[in-house]
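Visitor: Below is a structure I'd like to ask you about.
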Amino acid sequence: MAIPKVCGIETEYGILVRGHLHDATSNPVTASSLLINAYLAAHRRVGWDFEDEHPGSDARGFSVDDLLAPEIDTHLVNAVLTNGARYYVDHAHPEISTPECLTAREALVFDRAAEEIVWASMQAAARMLPDGAEILCHKNNSDGKGNSYGCHENYLVAREVPFGRIVHQITPHFVTRQVVIGAGKVGCELPGMTSTDVPYQISQRADFFEEEVGLETTLKRPIVNTRDEPHCDANKYRRLHVIVGDANMSETATLVKLGATSIVLAMIEDDMFGDDLALANPVAAIRHVSHDPSLQRTVLLRSGRRATALELQWEILERAQKYERSHGLAAVGDEVGRQVLGLWESILTGLEHDPDSVAHQVDWVAKRRIVQAYAERHGVGVGDARLKALDLQYHDLRRDKCLARRVGLDVLTTDEEVRDAMVNPPTTTRAYFRGRCLAKWPGEIVAANWDSMVFDIGRDPLRRVPMMEPLRGTAESVARLIDESDTPAELLARLGA
Amino acid sequence: MPERTQKQKPTPSRTEETVEVAPAVAGTGDKLKADLDDLLDEIDDVLETNAEDFVKSYVQKGGQ
């Protein structure tokens, strides 16, 4: 049987500095560091108030120069948060990796929490910047000028499943799922093509994929990424690192993206998917599909058949429904799995009959609706900067500017659970152990990583606790131990470490 | 194997949904239009005032 589809999302946010600042600050690497440090300073102030030796030092008293201390120029910020997430600077972008989650719905909540953390960071940074200066962040994947940055998904897969099977069978889903979860884009960034050729397309990312399979993530991006860095027991597990998705503003899209892909992977693991949907040319197909919001174009399968992306999504969904009946959905969580299948089906039904009827669920449809209506109202033609501004602002994380917040997207999370997920880890994976220990003993943890933590218990040597099993260290197994231990030394003794 | 060759059109359950959805959309068409007008008014208020400069300045370093 398929193993639990532990999953997570890592998002690189677009970052823009506005207003007059020290030259160095307008460098996106420095600005990203400033943003994250501003959040950490504000956050730490709350948690460590009692022991602070300088109670007079308020975050608002920091100057930009303080934040641009030499170590920030030379060391990229890399923090682990008490919710088990990682918040860091990657390739000149602020990035948050959610903690490991047991279900797609949990990962949705932590992805939403990550957005709120970035928004809180923008507000914290604003208090430190000169008047009129601000740092803006966007949850998107492209600047419209040929530069792209990722929103990656990670899924736990059994090592024993032949990687070739995963590559062949998951590719048709990766090429066609964009009709459900694409975030939409005004214009085209494929070399040699312009917004005249493609005024609007389904995906932010499709223009940037050049290979079917490979190791790269920044150049010649592959549809299936082969990075083999499991961050857990490599003899038992693989972490499928998926770089082909868009960052979603729609909560429904995030949930279905993670949930449907988890189900397809479970089917592949149980060898219940089949090879017959293999595409003749996946790279050409992913662009072909993205460039056709009418959803009418067909792609060629290796079998010689032609089918639209929507038809292929129907076939994949039908296989998933059949799998639910034969195997159940325990690997992805029964309740979440059924919710995902229901949403997936209703979105496909809507896309088939009247795409605008799913404008409350599908990002590319919601965005297209306002772009078209705006163009009509103002008599704006293809290529006008205002249409691209609408596109960018759809993803703007400033509450007062974000268009995605205004278009009536369904909200599947509660404010309370998102606020909780900003500081507390999921209870269902090893992230619980990481987050709780960091919250309780911040001073005694020397290093925290996905698969280990290093404690300083006041005497040599430093103690490393390996965490090679993603589902060990849950609340069920360690909450009481952590609650009842006064010191890390006591905790480690009780763990038998 | 056999099920692979049977790939076909939408199943009856999908057709049923069409029937249900169509009148609902027609009934709320005017409301949707009004909602969209309100939304466009709001977008006119919050859209960056100098869209051209904003779009031009929006340059990112490539990432992953």
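Visitor: Report the accessible surface area buried between chains B and A, summing both sides, using a 1.4 Å probe on protein heavy atoms only, in Å² rounded to the nearest 100. Write down the numbers at each step before the final one.
Guide: Working: alone 6530 and 20960 Å², together 23480 Å².
Counting protein atoms only, the buried area is about 4000 Å².
Visitor: Sticking with this one: Before anything else, pin down the relative contact order of chain A: Cα pairs under 8 Å, at least 6 apart, normalised by residue count, whole percent. Kindly include the intermediate steps, with their values, before the conclusion.
Guide: Details: 947 pairs, mean separation 93.0, N = 497.
With pairs under 8 Å counted, the relative contact order is 19 percent.
Visitor: Expressed as a rounded percentage, what relative contact order does the range A:427-495 have, with Cα pairs under 8 Å and six or more residues apart? Please list the in-between numbers first.
Guide: Numbers: 86 pairs, mean separation 24.7, N = 69.
Value for the range A:427-495: 36 percent.
Visitor: Would you mind getting me the FRET efficiency between B:E42 and A:D460? Use the beta-carbon distance for r and R0 = 60 Å, nearest 0.05.
Guide: Working: r = 62 Å, r/R0 = 1.03.
Approximately 0.45, to the nearest 0.05.
Visitor: With the solvent-accessible surface defined on protein heavy atoms using a 1.4 Å probe, which residues belonging to the range A:338-361 display a reduction of at least 40 Å² in accessible area in the multichain context relative to the isolated chain?
Guide: A:T349, A:H353
Visitor: Go through the range B:34-41 residue by residue and turn each phi into a ³J(HN,Hα) via Karplus (6.51, -1.76, 1.60, θ = phi - 60°); whole Hz please, and just put x for glycine and proline.
Guide: Once θ is set to phi - 60°, the couplings for the range B:34-41 become 5, 4, 5, 4, 4, 4, 5, 4 Hz.
Visitor: So, one more: Quick one: pull the percent of accessible area on the range A:427-495 belonging to carbon and sulfur, 1.4 Å probe, ligands and nucleic acids left out. Don't skip to the end; give the middle numbers.
Guide: Values: 1690 of 3490 Å².
The nonpolar share, carbon plus sulfur, comes to 48 percent.
Visitor: Here's another thing I want to ask about it. For A:T427 and A:S26, FRET efficiency with R0 = 60 Å and r from the beta-carbon atoms, rounded to 0.05? Present the calculation step by step, with values, prior to reporting the outcome.
Guide: On the way: r = 42 Å, r/R0 = 0.69.
Calculated value: 0.90.
Visitor: Oh, and also: At 222 nm, what value in deg cm²/dmol follows for the protein assembly as shown if DSSP H runs of at least 4 each add -39500 (n - 2.57) and the sum is divided by all its residues, to the nearest 500? Don't jump to the answer; show the numbers that get you there.
Guide: Values: 19 runs with 246 residues, N = 561.
Result for the protein assembly as shown: -14000 deg cm²/dmol, rounded to the nearest 500.
Visitor: In whole Hz and in residue order, list the ³J(HN,Hα) couplings for the range A:240-254 that follow from phi through the Karplus curve 6.51 cos²θ - 1.76 cosθ + 1.60, θ = phi - 60°; x for Gly and Pro.
Guide: 6, 9, 9, 10, 9, x, 8, 6, 9, 8, 6, 5, 4, 5, 4
Visitor: Listed highest first by mean packing, meaning other Cβ atoms within 10 Å per residue, what order do A:465-472, A:293-300 come in? Mind showing how you got there, number by number?
Guide: Numbers: A:465-472: 17.8, A:293-300: 14.9.
Order by mean packing, descending: A:465-472, A:293-300.
Visitor: Could you derive backbone 3J(HN,Hα) for the range A:421-432 from the dihedral phi with the Karplus parameters 6.51, -1.76 and 1.60 (θ = phi - 60°), listing whole Hz in sequence and x where the residue is Gly or Pro?
Guide: Result, ordered by residue: 6, 6, 10, 10, x, x, 8, 9, 9, 4, 4, 4 Hz.
Visitor: Could you compute the FRET efficiency for A:Q372 and A:V283, with r as their C-beta to C-beta distance and R0 at 35 Å, rounded to 0.05? Mind dumping the intermediate values first?
Guide: Values: r = 29 Å, r/R0 = 0.82.
The pair A:Q372/A:V283 has a calculated efficiency of 0.75.
Visitor: When the accessible area of each residue in the range A:141-188 is compared between its chain alone and the complete protein assembly (1.4 Å probe; ligands, DNA and RNA ignored), which residues differ by at least 50 Å², being lower in the assembly?
Guide: A:K145
Visitor: Considering only protein heavy atoms and a 1.4 Å probe, what is the carbon-and-sulfur percentage of the accessible area of the range A:151-233? Spell out each step's value before the answer.
Guide: Values: 1450 of 2710 Å².
Heavy-atom surface of the range A:151-233 belonging to carbon and sulfur, 1.4 Å probe: 54 percent.
Visitor: At 0.36 nm per residue, and after removing the present C-alpha to C-alpha distance, how many nm does the segment from A:R494 to A:D197 gain when stretched out fully? Kindly include the intermediate steps, with their values, before the conclusion.
Guide: Values: separation 297, 0.36 × 297 = 106.92 nm, distance 6.51 nm.
Difference between extended and current length: 100.4 nm.
Visitor: Other chains near A:294-300: what is the mean number of their Cβ atoms within 10 Å of each residue's Cβ? Before the final figure, lay out each step's value.
Guide: Working: counts 0, 0, 0, 0, 0, 0, 0.
Partner Cβ neighbours, averaged per residue: 0.
Visitor: A further question follows. Can you work out the accessible area per residue across the protein assembly as shown, with the rest of the protein chains kept in place, probe 1.4 Å, in square angstrom? Please list the in-between numbers first.
Guide: Values: 23480 Å² over 561 residues.
On a per-residue basis, 42 Å².
Visitor: Which value, in debye to the nearest 20, describes the size of the charge dipole of the range A:268-400 about its Cα centre when Lys and Arg Cβ atoms bear +1, Asp and Glu Cβ atoms bear -1, and nothing else is charged?
Guide: On the way: 17 positive and 22 negative charges, 127 e Å.
So the dipole magnitude of the range A:268-400 works out to roughly 600 debye.
Visitor: Using the structure shown, list the pairs from A:K5/A:K401; A:K5/A:K236; A:K236/A:K322 with a Cα-Cα distance above 25 Å, or answer none.
Guide: Working: A:K5/A:K401 36 Å; A:K5/A:K236 14 Å; A:K236/A:K322 27 Å.
Over 25 Å apart, Cα to Cα: A:K5/A:K401; A:K236/A:K322.
Visitor: For the pair A:A126 and A:D486, how long in nm is the line joining their label points, each one 7 Å along Cα→Cβ?
Guide: The answer from the label model is 4.5 nm.
The values are calculated or read from the model by the stated rules, or taken from the named source; none is laboratory data. What you see is a predicted model; the values in this text were computed from it and never measured. Note that each Cβ is placed from the backbone with ideal geometry, even for glycine, and that neighbours are counted across all protein chains shown. Accessible surface is based on the protein model in full, side chains and every heavy atom, while ligands, DNA and RNA are left aside. Shrake-Rupley method; radii C 1.70, N 1.55, O 1.52, S 1.80 Å.
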